[in-house]
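Reading through the structure tokens given below for one structure.
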Amino acid sequence: MEPIIAPALSLLFLERQQSLLPPPNLAAYQQAFTAPGPTALRVNRLKAGADEVPENLRDQGFDLTVVPGIPDAYSVPAAQRRALTESDACRAGRLYIQNPSSMIPPLLLEPQPEDWVLDLTAAPGSKTTQLAAMMRNEGRISAVERSRSRFFRLRANLEQQGVTNTRTYLRDGNGVGRQLPERFDRVLLDAPCSAEGRFSVADPAPWQGWKPKRPRQLQRQQRRLLASAVAALKTGGVLVYSTCTFSPEENEAVLDDALKRFAGALEVEVPPRSWANANPGLESWEGTQFDPQVKRALRLLPDGLMEGFFVARLRKTAPVDSETD
């Protein structure tokens, strides 16, 4: 079956995606670009029990579906999105609207209640609030965001969701590793990216501004942030790197660079769990062969509900030079 064509996307972009996405996933991606799919939500365990929110929503007429493999995650049809955002449960912070793919990086980080966790580019706080719920508001989370407007949105979301174990910092994440070396038990870096996995006709700015050079421009920032994250992580600690884009320049190439830069001190771990829409990381791209460990990363493919995402779990095995740039 021929994939649905999204004419607003450039032919150059579509040709690139054809080399990265299997036909069924490419069709799902292009369909989601023009027509919104189901809306997903996560029950906030800091404010509600596991069954309380789903039962309440079903009583109100919501057609709720369990998202397989992701705790406390559900979806409702696209037609019910507005009603969901206006529901008492949403307004009170008993749920958080979040795509299931976005929930996977915290799940792979596996934060423990006694940990000190760094969320290096935290706004708007979807993953920060998920981490806090997984930790039952115990331990400590340091949430860093450099954009002032996004920083205040982060703080508002933390307050609404009842998060009390998190301190927020308005600062550039590039300097954290140098200023706080070997400090954190776990680090989440959901890096700024080209957001290709989330392109939508409803939000034209990201895809209208897409050019082939854009991923390589972002790659420089991602490499610096990942180096900072590695330096800030304790030896023996776990780091999760993720993006919501398909570009190998922002995903596998960034991992490959870190493995070379921190040779002998960093390894990519096999994820402790996987999902039906997950493919392994690419072995190569445009003639460049990546470190074999890069295959252990997950490429989360769009399937009509889950957006495109990339996620890798890393372990720091030895100290590194904290003088990152």
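The values are calculated or read from the model by the stated rules, or taken from the named source; none is laboratory data. The model shown is predicted, which means the values in this text are computed figures rather than measured ones. Cβ: placed from backbone, ideal geometry, glycine included. Neighbour counts: every protein chain shown.
Output the residue which, of all residues in the stretch 104-134 that are acidic (Asp, Glu) and farther than 24 Å from PRO68 by Cβ, is nearest to the chain's Cα centre (by Cα). So the residue we want is ASP119.
Residue count for the stretch 302-316 under the criterion of being assigned to a loop (DSSP other than H, G, I, E, B) and either within 13 Å of the chain's Cα centre (by Cα) or outside the structural domain of ALA232 (by TED's automatic domain parsing) (or both): the result is 3. Quick check on the stretch 130-152: of everything there that is in contact with a strand residue (DSSP E or B) (Cβ under 9 Å, 6 or more places away or on another chain) and charged (D, E, K, R), which residue is farthest from ALA92 (Cα to Cα)? Only one residue tops the list, namely ARG146. Taken together, ARG299, ARG273 contain a single residue that is assigned by TED's automatic domain parsing to the domain that holds LEU108, crowded, with 16+ Cβ neighbours inside 10 Å and not aliphatic (A, V, I, L, M), which is ARG299.
Within the stretch 39-51, the set of residues being part of a strand (DSSP E or B), in contact with an Asp or Glu (Cβ under 8 Å, 6 or more places away or on another chain) and not hydrophobic (A, V, I, L, M, F, W, C) comprises ARG42 only.
There is at least one residue in the stretch 50-61 that is more than 22 Å from the chain's Cα centre (by Cα) and at positive phi.
Do we have any residue at all in the stretch 127-144 that's more than 20 Å from LEU46 (Cα to Cα) and surrounded by fewer than 22 Cβ atoms within 10 Å (Cβ to Cβ)? Within the stretch 127-144 (the criterion being more than 20 Å from LEU46 (Cα to Cα) and surrounded by fewer than 22 Cβ atoms within 10 Å (Cβ to Cβ)), the answer is no, since none of the residues qualifies.
Determine whether the stretch 227-248 contains at least one residue that is free of Cβ contacts under 8 Å to residues at least 40 places away in the same chain and not aromatic (Phe, Trp, Tyr). No, the stretch 227-248 contains no residue that is free of Cβ contacts under 8 Å to residues at least 40 places away in the same chain and not aromatic (Phe, Trp, Tyr). Condition (residue is more than 28 Å from LEU180 (Cα to Cα), assigned to a loop (DSSP other than H, G, I, E, B) and within 17 Å of the chain's Cα centre (by Cα)) applied to the stretch 251-266: is it met by at least one residue? No.
Taken over the stretch 52-105, the criterion of being in a loop (DSSP other than H, G, I, E, B) and among the charged types (D, E, K, R) is satisfied by ASP63, ASP72, GLU86, ARG94.
Here is a check on your reading of the model: is LEU282 among the aliphatic types (A, V, I, L, M), touching a residue at least 12 places away in the same chain (Cβ under 8 Å) and either under 23 Å from GLN179 (Cα atoms) or touching a Gly at 6+ places or on another chain (Cβ under 8 Å) (or both)? The answer is no for LEU282.
Among residues of the stretch 297-325 that are within 15 Å of ALA229 (Cβ to Cβ) and modelled with pLDDT of 95 or more, those with a Cβ under 9 angstrom from a residue that is part of a loop (DSSP other than H, G, I, E, B) and of a type in the set (Val, Ile, Thr), sequence gap 6+ or separate chain, pair up as ARG313/VAL270. Being in the same structural domain as SER242 (by TED's automatic domain parsing), modelled with pLDDT of 95 or more, under 21 Å from PRO71 (Cβ atoms) and in a loop (DSSP other than H, G, I, E, B) narrows it down to one residue among ASN157, ASN137; which is it? Matching residue, one of ASN157, ASN137: ASN137. Residues that are surrounded by fewer than 20 Cβ atoms within 10 Å (Cβ to Cβ), without any contact (Cβ under 8 Å) to a residue 60 or more places away in the chain and under 19 Å from LEU218 (Cα atoms) within the stretch 172-193 comprise ASP172, GLY175, listed in sequence order.
Confirm whether GLY37 is on the phi > 0 side of the Ramachandran plot and modelled with pLDDT of 85 or more. When the stated conditions are applied, GLY37 does not pass them.
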